[in-house]
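Engineer: Just dropping this structure here.
What follows draws every value from the coordinates through simple rules; no lab data is involved. The model shown is predicted, which means the values in this text are computed figures rather than measured ones. Here Cβ is always computed from backbone atoms with ideal geometry, including for glycine, and neighbour counts include all displayed protein chains.
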């Protein structure tokens with residue numbers, strides 16, 4: 001069975017790198033779309049203290065425009081770091097087969113599920129730490145995704 005659309009949650013870990021390789025293997029030789037998505041906490045909001053003092057209107061607030069620019073810059077920086085760590089993993093696929101995105105969401109689990117659903121993905125390929133069932137019950141992201149979605153999930157150690 002060839003999948004049409006795969007989402008690969010990516011956090012830069014070795015386990016996520018293994019998931020990328022698995023997704024590439026599944027998509028190779030097919031027209032399967034692969035979405036690599038880094039879900040960052042919604043509270044990734046940049047710290048006002050670390051901004052250019054000229055951009056801050058007051059010590060207690062920033063303008064919407066400045067804040068939006070700071071937020072966009074933060075997501076762009078994370079995207080660039082992600083692209084640097086992914087390297088040439090998908091060189092065997094056509095360029096238009098792979099999409100790389102960074103999204104902010106309050107929950108990593110729900111962010112992955114929402115993204116997969118919004119993009120009509122029919123498979124989620126994600127890394128897992130392999131710490132056993134007890135650890136999974138305590139809140140592992142891969143375990144949370146498996147429990148909360150109807151989309152097939154392939155976990156890669």
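Engineer: If each residue's Cβ is checked for other Cβ atoms within 10 Å, how do 129, 147 rank with the fewest at the top?
Structural biologist: The order, fewest Cβ neighbours first, is 147, 129.
Engineer: Here is a follow-up. Going by C-beta contacts inside 10 Å, put 18, 142, 13 in order with the fewest on the left.
Structural biologist: Final ranking by Cβ density, sparse to dense: 13, 18, 142.
Engineer: Arranged by the count of other C-beta atoms within 10 angstrom, fewest first, what order do 5, 24, 121 take?
Structural biologist: Least crowded to most crowded, the residues run 5, 24, 121.
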